Each structure stands twice: as structure tokens, then as C-alpha cells.
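No lab work stands behind these numbers, since they all come straight from the coordinates. Everything quoted here is computed from the prediction, not taken from an experiment. When we count neighbours, we look across all protein chains shown, and the Cβ atoms used for this are built from the backbone with ideal geometry, even at glycine.
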Amino acid sequence: MCVGCRGRAAASELLRVTAGSDAHGRPAVVPDPGRTAAGRGAHLHPERTCYDLAVRRKAFPRALRVPGPLATEDLEHLLDPTDTPTDRSWSSSS
Ligand SMILES: [Zn+2]
């Protein structure tokens, strides 16, 4: 089941995520496209819409049985690679 839209889907259609830590050492939702990470995982459609729904519902901490909030930037970046804060090419070319 997708933690965003709560729709049923085959596992092969869903992206697995696990609770881990990001580059800053904060608790984070870590994408696990290879489905190899140990521990509890959650699944969602690899789509921005379902990601937004899951974030709004605080579905990741609940699905992953984590008491506190989880950073989701890594996952967000994976789903929306064009939205990168490090892309400053628009401002450096004047
Ligand atoms: Zn979904």
C-alpha cells in the first residue's frame, strides 16, 4: 500500500523507503530503491503527489514506527530532481 494515496499497488510499482539518517546525521526518510535495507520499510508511489500526501499526513514516521519527525529532503530530491537548491546557474550567467 502507498503511504501517500493509500492506494493498493504491486510492490514493483512502489518505492521502498526506510528510516535512517541524512548527510547531516538527522533522522530521515531514506529511499531504498534496491529494497535491500534492513528494518521496517514503507512504500509509496514514486510520484510527487503521493510524497506530498504522505508528508502532510505525517505518514512516514507512523509507517516506520519512528517517534519524531523525519527529514524528507533526500526523498523529495529523488522524486523532483529539477527542484535543486544548489542549481544557481540562472543567477550566475548575467
Ligand atoms: Zn500513491
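Residue separation times 0.36 nm, minus the C-alpha to C-alpha distance between Leu78 and Met1: what's the value?
25.7 nm is the gain from fully extending Leu78 to Met1.
Could you tell me the calculated FRET efficiency between Ala11 and Arg48, based on Cβ-Cβ distance and R0 = 30 angstrom, to the nearest 0.05?
0.90
Please work out the Cα convex hull volume for the range 3-42 and give it in Å³ per residue.
Measuring per residue, one finds 80 Å³ for the Cα hull of the range 3-42.
Report the antiparallel proportion of the DSSP beta bridges in the range 11-81 as a percent, rounded to a multiple of 5.
90 percent
Hey, how much of the P(r) for the chain falls beyond 19 Å, as a percent of Cα pairs?
40 percent
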